[in-house]
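A short write-up of the structure that comes next.
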Amino acid sequence: MKRALILLGLGLASACSAQSARVELIVSGDYVVTQDDANAVIRDGAVAVDKGRIVAVGPAKDIRAKYRGATTLDGRDRVVLPGLVNGHTHAAMSLFRGVSDDIELIDWLRKYMFPLEVRFVDADFVRVGTELACWEMIRGGTTTFLDMYYFPDAVAKAVEGCGLRVLVAPTVIDQKSPDASDAEDSLRKAEDFVKRWKGRNNRIMPMISAHALYTVKPERLREIVGRARALGVPMGIHLAESKYEVEHSQQNYGATPITVLESIGFFSGGTTVGAHVIYPTPAEIEILVKHRVGAIHNPSSNMKISSGIAPVTAMLKAGVPVGIGTDGPATNNDLDMFEEMRLAAFLAKVATMDPKVVPAPTALRMATRGGAEALGLGDEIGALMPGRRADLIQVSLDDAQLQPLYDVISHLVYVADASHVSTVVVDGKVVMRDRKILTLDTARVKKEAGAIAAKIRAAVAESR
């Protein structure tokens, strides 16, 4: 009788096992913050992942009953949520972090950054600086970023190795730059880059970026639009970023920047991402809505350079797709998206003197699903939903400052920081587990970054 019961039990276990589907990864959490259409938060939940995409999201007991994971990530004292989307960076400028602070934007660019970039930025600088930034972003739960810089192949290869997702936007500017002799040369090289990388790796998405209206003339901007649209890739630009830009536009073109850009068709025909968007007029906000231009809010950088406070509340109310970015680590000076979420909420409240605007759920959405929509990736990332790319993170709840827990969204926005991220998954691959980065030789990156920094330090000392 006992033998019969054992055999029956084995048979039932085998039958249950046969009914469950095998997947590559199951990620569990005390809470799963989905950012789906219902903004569901699942207690004791799990996410099943296979072939780089999310297969199922639901209560952990249901996921375990239906799926067997080749790898499983324990969810005790963890929150699972979509990976954070950093909508505006100059990642390689991590190597210029702290070189020059407490200066207005135009002086910072002309007196420090442009000269230093011409002298030091080459493909190897960009590789090391991007790897250093990837190290920081992985640790902080960022899974996707938009990078506007030079030597785009070096950016793409660095990110291909580190495992993150990136939109690489080579910068076109009307002056000699580190990787081009002039705007015509930089646009030609940007076009060649797009042709090399488009469709090559689903995590590496090429695009083309104009630096800004005050550094690229309208006729060149029209060329950029034509090339980008013909190639079928998004465009980026620093947009209404400073009072200087607004004054320059009015003096030279008789209108404010967004109006000028619309008049030359810059926003037509595809995804456009505008960084900063601090000074749009009410009429220009409607232009952004009309063309579905993504606006990337950079609170830390905007405050540090005293550029101003973006009208986030008005843009969200109007229907502009708004995401969050850090800007480059030379003007922030870090890449912590948790800090940016918190500041985005606080700045909106103090700017309007209304504590109800940009509540925690709105700030979290801007850093995840809203940021994905601003980058034109709203159907692929930013939410934990079946069919989406499997970009997700676990945040640890076992730190003192996260106790007690009444509202998980509140804690994610107003309490948590980069150090609480425990696990990062991009495209279904684990790139950090229990705070250990699996895709980068961080000791090598630190050593190479230090060697480059020593040269920069010497050059800055000489100039003073």
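For Lys243, list the aspartates and glutamates whose Cα falls under 15 Å from its own Cα; do not include residues on the same chain fewer than 8 positions away.
Excluding near neighbours in sequence, the set is Glu104, Asp107.
Given the pairs Lys198/Lys447; Lys195/Lys447; Lys195/Lys455; Lys290/Lys356; Lys198/Lys455; Lys157/Lys429, which are separated by over 23 angstrom at their Cα positions?
Pairs exceeding 23 Å: Lys198/Lys447; Lys195/Lys447; Lys195/Lys455; Lys290/Lys356; Lys198/Lys455.
For the chain, what is the relative contact order in percent, using Cα pairs closer than 8 Å and at least 6 residues apart in sequence?
Taking the mean separation of contacting Cα pairs over the length of the chain, I get 19 percent.
Quote the Stokes-Einstein diffusion coefficient, in whole µm² s⁻¹, for the range 337-450, based on the Kirkwood radius over alpha carbon pairs, a temperature of 20 °C and a viscosity of 1.002 mPa s.
Using the Kirkwood radius from Cα pairs, D works out to 134 µm²/s.
Hydropathy at least -1.0 by Kyte-Doolittle, axial extent at least 27 angstrom from the Cα trace: which helices of the chain, defined as entire DSSP H runs, fit?
Going by DSSP H runs, the hits are 442-463.
At 10 °C and 1.306 mPa s, what whole-number value in µm²/s does Stokes-Einstein give for the translational diffusion of the range 210-270, with Rh from the Kirkwood sum over Cα pairs?
Taking Rh from Cα pairs, D becomes 136 µm²/s.
Could you work out how much longer the chain between Val289 and Ile103 gets when fully extended? Use 0.36 nm per residue separation minus the Cα distance between them, nm to one decimal.
That pair, Val289 and Ile103, stretches by 63.7 nm at full extension.
Can you divide the C-alpha Rg of the range 66-171 by 2.2 N^0.38 Å and report the result to two decimal places?
For the range 66-171, the normalised Cα radius of gyration is 1.32.
What is the percent carbon and sulfur in the accessible area of the range 138-271, measuring with a 1.4 Å probe over the protein chains and ignoring ligands?
45 percent
Report Rg (one decimal) and Dmax (nearest whole number) for the chain, counting Cα atoms only, units Å.
Cα radius of gyration and Dmax of the chain are 23.1, 95 Å respectively.
Over the Cα atoms of the range 164-277, each weighted equally, I'd like the Debye log10 I(q)/I(0) at q = 0.10, 0.16 Å⁻¹, rounded to two decimals.
-0.28, -0.70
Spelling out what I want: for every residue of the range 210-215, take phi, set θ = phi - 60°, compute 6.51 cos²θ - 1.76 cosθ + 1.60 (Karplus), and round to whole Hz; glycine and proline get x.
3J(HN,Hα) across the range 210-215, in whole Hz: 8, 4, 5, 5, 7, 10.
Got a number for carbon plus sulfur as a percent of the range 309-400's accessible area, 1.4 Å probe?
On the range 309-400, the fraction of accessible area on carbon and sulfur atoms equals 58 percent.
I want to check the label-to-label distance for Ser419 and Val350. Put each point 7 Å from Cα in the C-beta direction and report it in nm to one decimal.
Here the answer is 2.3 nm between the modelled labels.
Within the P(r) computed for the range 256-299, what percentage of the Cα pairs occupies the region above 12 Å?
Considering the range 256-299, 58 percent of its Cα-Cα pairs are separated by more than 12 Å.
If you count, for each residue, the other Cβ atoms within 10 Å and average over each peptide, how do 308-320, 228-240, 106-118 line up from highest to lowest?
The densest-packed peptide leads the list: 228-240, 308-320, 106-118.
Applying the Karplus parametrisation 6.51 cos²θ - 1.76 cosθ + 1.60 with θ = phi - 60° to the phi angles of the range 116-121, what ³J(HN,Hα) value in whole Hz is obtained for each residue in order, glycine and proline being reported as x?
5, 5, 4, 7, 10, 7
Once the piece of chain linking Lys455 and Gln403 is laid out straight, how much longer is it, given 0.36 nm per residue of separation minus the C-alpha distance between them?
The span from Lys455 to Gln403 would gain 14.2 nm if fully extended.
By its C-alpha gyration tensor, with a ≥ b ≥ c as the square roots of the eigenvalues, how is the range 383-464 shaped: rounded for a/c under 1.5, else prolate for a/b larger than b/c, else oblate?
Verdict is prolate for the range 383-464.
Determine the per residue accessible area of the chain with all protein chains present and a 1.4 angstrom probe, expressed in square angstrom.
40 Å²
Taking 0.36 nm per intervening residue step and subtracting the Cα-Cα distance, what contour gain separates Asp44 from Lys446 on full extension?
The span from Asp44 to Lys446 would gain 140.9 nm if fully extended.
Could you list the trypsin sites (Lys or Arg not before Pro) in the range 75-107 that lie in coil according to DSSP, counting only those with at most 13 other Cβ atoms within 10 Å of their Cβ?
Passing sites in the range 75-107 are Arg76.
Using the alpha-carbon centroid of each, what span in Å lies between the range 374-445 and the range 270-333?
24 Å
Determine, from the Cβ-Cβ distance of Arg229 and Ser20 and an R0 of 45 Å, the FRET efficiency 1/(1 + (r/R0)^6), rounded to the nearest 0.05.
Result of the calculation: an efficiency of 0.45.
The values are calculated or read from the model by the stated rules, or taken from the named source; none is laboratory data. In this text the structure is predicted, and so the values were computed from the model without any measurement. FYI the Cβ positions are ideal-geometry reconstructions off the backbone, even for glycines, and counts take in every protein chain you see. Note: areas computed on protein heavy atoms with side chains; ligands, DNA, RNA excluded. Shrake-Rupley method; radii C 1.70, N 1.55, O 1.52, S 1.80 Å.
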